[in-house]
Amino acid sequence: MIFNKLQGKLKIACVKAPGFGDNKAATLQDIAIFSGARVVGEEGSGVELDADNFDPDILGSVKKATITKDDTVLLNGGGDSGLVKERVELLRGLIENETSDYNREKLQERLGKLSGGVAVIRVGGASEVEVNEKKDRITDALCSTRAAVQEGIVPGGGAALLRASKELEGLLNDQSLTADQRTGVQIIRNAVRLPAHRIVSNSGREGAVVVEKVLENGDKAVGYDAQLDRYVNMFDAGIIDPARVVRVALTDAASVASLMMTAEAAVVDLPKEDPPAAGGRRHGWHGWYGRYGWHVLMVGPFNQVTESLAR
């Protein structure tokens, strides 16, 4: 193969097989069935490849192959559709009987690659900056769509978190909670209301008023459309968020906040501009706006900010 490449007789591109161990061998079998090829050089394949027994029948075909430094995309394989369907049914059976979350995830990935279709989205623009901007937006949309398929959707614009904050009101009346636990509930309740408040404030309106009206509305699908300045059914208006995105954002924010409150100090990047002159240093939060946005310098024990956040 290398000799033919050097001679210019064949166009060849070598790619690394995906996965590791047994998963790699199984994935190669998936690709072989999809393309009509046979796996060579792997244990149990029954094909030993050398110059004497090479047969073109072991080669598969695809209509298009796109290879980058990160991934390889194969479109319209030339394999037998009946064998592909059998492989898909086999994978579905393995998924149902699998007890390991990790193995089930890998099986689902293989199933998706065999049974799912592939769409090609072409991005154009007048400049490289415009193309990159559009590409980033499309990438975000694709990731959001995948997340929505996995865990569903919720009202967007911070409305889902506002409804969740009302559920926390009942916990505050629970007499079995300790003072620290009640403070924690208050912090989370106030924090999950901030996204909707910020969206409204950024549109030039009073965030507190709008948030209160949304909370008073009994319809859980109703939220605030900042662009049209009106209260709408968020699903009908197409203002939605993937449930997974909202969930992960909340859990990650809680993780970072707990880390900051238990740490003694933090190291941050200094802005290029000189920070404004300040008086004596004291415990608390100190920040300034530089070329990269807001920079925050935290001095002293972080756990002292807990009480102010709960108010």
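The values are calculated or read from the model by the stated rules, or taken from the named source; none is laboratory data. Note that the structure is predicted; figures quoted are calculated from it, not measured. Cβ coordinates were reconstructed from backbone atoms using ideal geometry, including for glycine residues, and neighbour counts include every protein chain displayed.
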Taking segment 1-28 and keeping only residues that are in a helix (DSSP H, G or I) and either among the hydroxyl-bearing types (S, T, Y) or without any contact (Cβ under 8 Å) to a residue 40 or more places away in the chain (or both), one is left with I2, F3, N4, K5, L6, Q7, G21, D22, K24, A25, T27, L28
Scanning segment 29-69 residue by residue, those within 25 Å of V120 (Cβ to Cβ) and either at pLDDT below 85 or in a strand (DSSP E or B) (or both) turn out to be V62, K63, K64, A65, T66, I67
Scanning segment 205-234 for residues that are in a loop (DSSP other than H, G, I, E, B) and out of contact with any Lys or Arg (no Cβ under 8 Å at 6 or more places or on another chain), the one surrounded by the fewest Cβ atoms within 10 Å (Cβ to Cβ) turns out to be G218
Note on segment 73-91: residues surrounded by 14 or more Cβ atoms within 10 Å (Cβ to Cβ) and either under 28 Å from the mean Cα position of the chain (by Cα) or among the acidic types (D, E) (or both) are L74, V88, L91
The condition of being in contact (Cβ under 8 Å) with a residue 40 or more places away in the chain, more than 27 Å from R244 (Cα to Cα) and among the aliphatic types (A, V, I, L, M) holds, among L90, L83, only for L83
Of I188, I138, I153, I199, the only residue that is modelled with pLDDT of 90 or more and within 30 Å of G93 (Cα to Cα) is I153
Out of (1) closer than 21 Å to I188 by Cα; (2) modelled with pLDDT under 90, the one G218 does not meet is (1)
